[in-house]
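Everything on this sheet refers to the single structure shown next.
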Amino acid sequence: MRRGRWRFRRRGFGWAMLAATGALAAACGSTSAGTFHPGGTTGTDPAAASVPSGGAGPNALAWPPFGSNVHMVMPTWLPADSNEVPAVITAKDFLLAFLYAEYRGNQDDRWTDYASGNVLTGLKSTLAAPSVTTESFTGTIGFSHMNAVPDPTLPGAVEVSECFDNSRSSNTDLGTGKIIASQAPASQQHYLNTDVLAKDSNGQWHVVSVYPVVYYPQAEECRP
């Protein structure tokens, strides 16, 4: 099992054995009196590589119901090898679902359908931390430069990588919706993540391991 750190959105998650995703951000947060309740209609971007389409079929993504203050962008890219396509779809669904768990302050667990083993156990613990359960986020979250290759050490497994850019998103207080002071430093806003996916006994793909994250400029493909 490779060792790494889970890095999502604006906050760095330090659970050994996980790495992270790719994102792009730009949108306004919503503030209202009383309790802030994330949720609503997922935003769209006509210039983006992919947005919630509501389509059906084996390659349709399971888009969580992010509020209008959040915009997710996911590449439409799929590998030429049809055997790797289900792994890539699962990876995309996992990234979206885990970010939604963050968005909801760990009040949603749909991400658990896409992870197993130590990844599942570790992320449950991570999401239960007060720094997660008291926060949400606002902005446009996007993924880019996706790629998939066979894993060299686990037979039948697939490595799915993508760039993460969180430079234009903001952490917010879950109760008020206001942007909080604690944000990621610029040096941690652009990086490459690689998840390792494998089939279980029922033929379902799950995230089972990850590489350590690689920050830009070392990850040249993740140039801002």
Filter segment 85-108 down to residues that are out of contact with any Gly (no Cβ under 8 Å at 6 or more places or on another chain), closer than 23 Å to S68 by Cβ and open to solvent by 50 Å² or more (accessible area, probe 1.4 Å), then give me how many there are.
2
Could you tell me whether any residue of segment 165-180 is at pLDDT below 95, assigned to a loop (DSSP other than H, G, I, E, B), farther than 30 Å from N69 by Cβ and under 15 Å from the mean Cα position of the chain (by Cα)?
no
It is to be established whether one or more residues within segment 26-44 are among the β-branched types (V, I, T), more than 22 Å from H190 (Cα to Cα) and modelled with pLDDT of 95 or more.
no
Out of the residues in segment 148-181 that are out of contact with any strand residue (DSSP E or B) (no Cβ under 6 Å at 6 or more places or on another chain) and polar (S, T, N, Q), state the one that is surrounded by the most Cβ atoms within 10 Å (Cβ to Cβ).
N166
Applying the selection to segment 127-140, what residues are of a type outside the set (G, A, S), part of a strand (DSSP E or B) and open to solvent by less than 10 Å² (accessible area, probe 1.4 Å)?
F137, T138
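Conditions tested, residue by residue: (1) at pLDDT 90 or above; (2) open to solvent by 60 Å² or more (accessible area, probe 1.4 Å).
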| site | (1), (2) |
| --- | --- |
| S125 | yes, yes |
| G142 | no, no |
| T194 | yes, no |
| Q218 | yes, yes |
Filter result (among the small types (G, A, S) and either surrounded by fewer than 18 Cβ atoms within 10 Å (Cβ to Cβ) or not in a strand (DSSP E or B) (or both)) within segment 109-123:
S116, G117, G122
Of the residues that sit in segment 202-224 and are aliphatic (A, V, I, L, M) and in a loop (DSSP other than H, G, I, E, B), which one is nearest to V88 (Cα to Cα)?
V213
Starting from segment 52-75, take each residue that is open to solvent by 40 Å² or more (accessible area, probe 1.4 Å) and list its partners that are assigned to a loop (DSSP other than H, G, I, E, B) and at pLDDT 95 or above, counting only C-beta distances under 7 angstrom and pairs at least six apart or across chains.
N59/L78
Go through (1) touching a strand residue (DSSP E or B) at 6+ places or on another chain (Cβ under 6 Å); (2) on the phi < 0 side of the Ramachandran plot; (3) not aromatic (F, W, Y) and name the single condition H145 misses.
(2)
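The values are calculated or read from the model by the stated rules, or taken from the named source; none is laboratory data. Model, not experiment: these values are computed from the prediction. No Cβ is skipped: glycine too gets one built from the backbone with ideal geometry, and neighbour counts run over all protein chains shown. Surface areas here come from the heavy atoms of the whole protein model, side chains and all, with no ligands, DNA or RNA. Shrake-Rupley method; radii C 1.70, N 1.55, O 1.52, S 1.80 Å.
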